[in-house]
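Each reported figure results from applying straightforward, stated rules to the coordinates on display, with no laboratory input. Computed from a prediction, not measured in an experiment: that's the story for all the values here. All Cβ positions, glycine included, derive from the backbone under ideal geometry; neighbour counts span all protein chains shown.
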Amino acid sequence: MSLSAAESILRALVVSNDLLVIKQVSEPLMDFAASTEVCLDIPNALRVVNLRKFEAVVVDLGLGEDSREILERVRLSPSNRSTVAFAITDSVKQSALAFDAGSNFVFERPLSPASVGRTLKAAYSLIVRERLRYFRCPVSIPATIRRQGVQEIDCQALNISEGGMAIMSSAALTPRTNVTVQFTIPGQSTEFSARSEVCWCDEKNRAGLRFLAPSFELHSELRRWLACRLEATLPESVASKFRSTI
């Protein structure tokens, strides 16, 4: 039975042409609230890791020597360089090569539900942390933009993540300029100020801000709040696994 979109909070890529291996890895991933995309060959996998974001990538080195290139490409991908990577190996030597190529964990053959489950359990907190890094929560909260020598700009935050926020401002902003954004996390009373860079903007005065070295207090409170918002979207059967990692 597959997870619905609401139940699946993690995205995993499994690269293998062995149907049994795909089943042995995909089913335990589903138990950890991960949906699985499968690539049967190396060229397709190389293309996919450059196009989409995954929290976990599993590569079967039984595809041949070139399969290690997938792990290397993951580490060079802007969106997947911190993804949690697994390699399926046949020997200690092959496992060492997998770690050299960028794998965080290995599944050694013969695979079993118990061995795959143990490894995924050990890796799950890292996978969830990776998901939180990219989770953007829709919001509608007031914020203020400050720039040196320029009058304050009122704006509305549209979404927020650990790394920044999207806003709708009352005046146009310019990409690659530094600003300070002042806002309050929903449901809290503390007002935070974060030095930020304007990454993009459009003709409707919407813009994306990237936080520059946010304070420990802001990062900690924002991460806790985002984790609660992400957990709130899940059914209890999945939320309990997620909650244990936070």
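Things worth noting here:
- Arranged from fewest to most other beta-carbon atoms within 10 Å of their beta carbon, 77, 189 become 189, 77.
- If R0 equals 30 Å, the separation of the Cβ atoms of residue 146 and residue 228 corresponds to a calculated FRET efficiency of about 0.55.
- Computed over the chain, relative contact order equals 14 percent, with contacts defined as Cα pairs under 8 Å that lie 6+ residues apart.
- Measuring nothing but how far apart in sequence close Cα pairs (under 8 Å, 6+ apart) lie, relative to its length, the range 137-232 scores a relative contact order of 25 percent.
- Separation of the range 61-75 and the range 116-157, taken as the distance between their Cα centroids, equals 31 angstrom.
- Here the extension length gained between residue 199 and residue 216 equals 3.9 nm, from 0.36 nm per residue of separation less the Cα-Cα distance.
- With all pairs of different C-alpha atoms in the average, the Kirkwood value for the hydrodynamic radius of the range 137-232 is 13.4 Å.
- Taking the helices alone, the chain has a mean residue ellipticity at 222 nm of -11500 deg cm²/dmol, built from -39,500 (n - 2.57) per DSSP H run of at least 4 residues and averaged over all its residues.
- The ranking of 200, 225 from fewest to most other beta carbons within 10 Å of each one's beta carbon is 200, 225.
- Most mobile of 181, 59, 84 in a GNM of the chain (Cα contacts under 10 Å): 181
- Folded to 0 to 90 degrees: helix 92-101 orientation relative to the chain principal axis, Cα: 20 degrees
- Other-chain or far-sequence residues with amide H under 5 Å of residue 14's (modelled H): 37, 38, 39, 58
- For the range 10-134, the Rg and Dmax computed from alpha carbons only, in angstrom: 12.7, 34
- Percent RCO, i.e. relative contact order, over the range 10-134, from Cα pairs under 8 Å lying at least 6 residues apart: 25 percent
- (i) 7, 28, 28, 21, 13, 4, 0; (ii) 7, 30, 31, 20, 10, 2, 0; (iii) 7, 27, 30, 24, 11, 1, 0, with the label sought being that of the calculated P(r) over Cα pairs in 10 Å bins from 0, in percent: (i)
- Within a Gaussian network of the chain (alpha carbon springs, distance under 10 Å), most fluctuating of 71, 120, 51: 51
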